[in-house]
1. Looking at the chain as a GNM with Cα springs under 10 Å, which of Lys304, Lys52, Lys132 has the largest mean-square fluctuation?
2. Would you mind working out the magnitude of the charge dipole of segment 240-333 relative to its Cα centre, with +1 at each Lys and Arg C-beta and -1 at each Asp and Glu C-beta, to the nearest 20 Debye?
3. Between Glu312 and Glu180, what length comes free when the chain is fully extended (0.36 nm per residue of separation minus the Cα-Cα distance, one decimal in nm)?
4. Sorted from fewest to most neighbouring beta carbons within 10 Å, what does the list Thr226, Thr309 look like?
5. How large is ³J(HN,Hα), in whole Hz, for each residue of segment 310-323 in order, when computed from phi with the Karplus curve 6.51 cos²θ - 1.76 cosθ + 1.60 and θ = phi - 60°, using x for Gly and Pro?
6. Once every DSSP H run of n ≥ 4 in the chain is given -39500 (n - 2.57) and the sum is divided by its residues, what mean residue ellipticity at 222 nm do you get, rounded to the nearest 500 deg cm²/dmol?
7. Which of the pairs Lys86/Lys304; Lys52/Lys74; Lys88/Lys261; Lys48/Lys74; Lys48/Lys314 have their Cα atoms more than 32 Å apart in this structure?
8. Taking 7 Å along the Cα-to-C-beta vector as the label spot, tell me the Met76-Ser319 distance in nanometres, rounded to one decimal.
Amino acid sequence: MVVASLELEGRGVDDQISKSSSIPVIDLLSSSWKLGRREQLVSKEIVKASEKYGIFKVVNHGVGMDVVERMEEKGMEFFSLPENEKHKAGPPNPVGYGVRSIGFNGDMGDLEYLLLHTNPSSLAHKARTICKSNPNSFSYVVNEYVEEVRDLACQILDMLALGLGLENYQELSRLLRDSENDSLLRLNYYPTSYNARVRVGFGEHSDPQLLTVLRSNNVSGLQIVTDSFNGETWVSIPPDPTAFYIIIGDVLQAITNGRLKSVRHRVITNPQSSRLSMMYFGAPPLHAVIRPLPEMVSPECPRKYRAFTWGEFKKAMYSLRLGYNRLDLYRLD
Ligand code: GA4
């Protein structure tokens, strides 16, 4: 049975976690003096966190809590609908409503999800199957949320560019500001694990895009793999509904020639409560060419990846399993 195969081996997941997280916290309020000294310092902190962990928490992020709460409410409204109603928004091909099955190659997880393209016209079309009673209000809330988290993603990318010493500090964010950007919004609902057994809600993987802006309710589940403790360890990332986590994706790893790390992560289910997470996956247009930037290549750090388009990478990712290390396909060494 599928669900049984998702149960984690050993004495339970908690026993496998020997470390608690000390993920860096970035305070964006203190970086508001445009290109001032303080901003330079915060930019360096963001680069350091992205190199070492591939994930960090952002506080004082400027995204309105009312906007976040409206999005969460719409998500919960949808997941509370009867099964047959929710299935009208599926199957995910690749966007739409999905249950347990992830992607097209047999990956399974203990969750339900809504995957949406952030393009307003694609969203408006899909909203008719998601919220029959009021599709316009659903689209309005999603658009409002996406605009705010995209701005946050762009601010982070500008600061990364600054911290990395790129000539044009908007070199990275322009990919998300492009009207043809291929960004997604995903809502994941992980029901309480029955039988008090912890299961894999979403298996180990890295995110393919530039970066992910993640927000969850106050229920734990997210874990990252880190080798910062001499050997690979799963580390739990504590939930914080008032903050966002930024997760570095494969494209950013390739563009920075491997300097920033697309962190491998997973989600386990919680025996006490259900978890709702909302992820914005910032992606470039399909035709954008991804290659290590000249500033990231030197005799000491020779070019690690060949050039590819986001469209090419996407095609490869959909043909592979969730946990596959897809950037390896483009490695030069
Ligand atoms: C992982 C990150 C995002 O959730 C996602 C996922 C996508 C999907 O669920 O359709 C993929 C997965 C993710 C990477 C490999 C392929 C595609 C499922 C899968 C097995 C939306 C994304 O962009 O890539």
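1. Lys132
2. Taking the Cα centre of segment 240-333 as origin, the dipole is about 260 debye.
3. 46.0 nm
4. Neighbour counts put them in this order, fewest first: Thr309, Thr226.
5. Rounded to whole hertz, the list is 4, x, 5, 5, 5, 4, 4, 5, 6, 8, 10, 6, 3, x.
6. For the chain, the value works out to -9500 deg cm²/dmol.
7. Among Lys86/Lys304; Lys52/Lys74; Lys88/Lys261; Lys48/Lys74; Lys48/Lys314, the Cα-Cα distance tops 32 Å for Lys86/Lys304; Lys52/Lys74; Lys88/Lys261; Lys48/Lys74.
8. 4.3 nm
Each reported figure results from applying straightforward, stated rules to the coordinates on display, with no laboratory input. Nothing here was measured: the structure is a model prediction, and the numbers come from that model. Backbone-built Cβ (ideal geometry, glycine too); neighbour counts: all protein chains shown.
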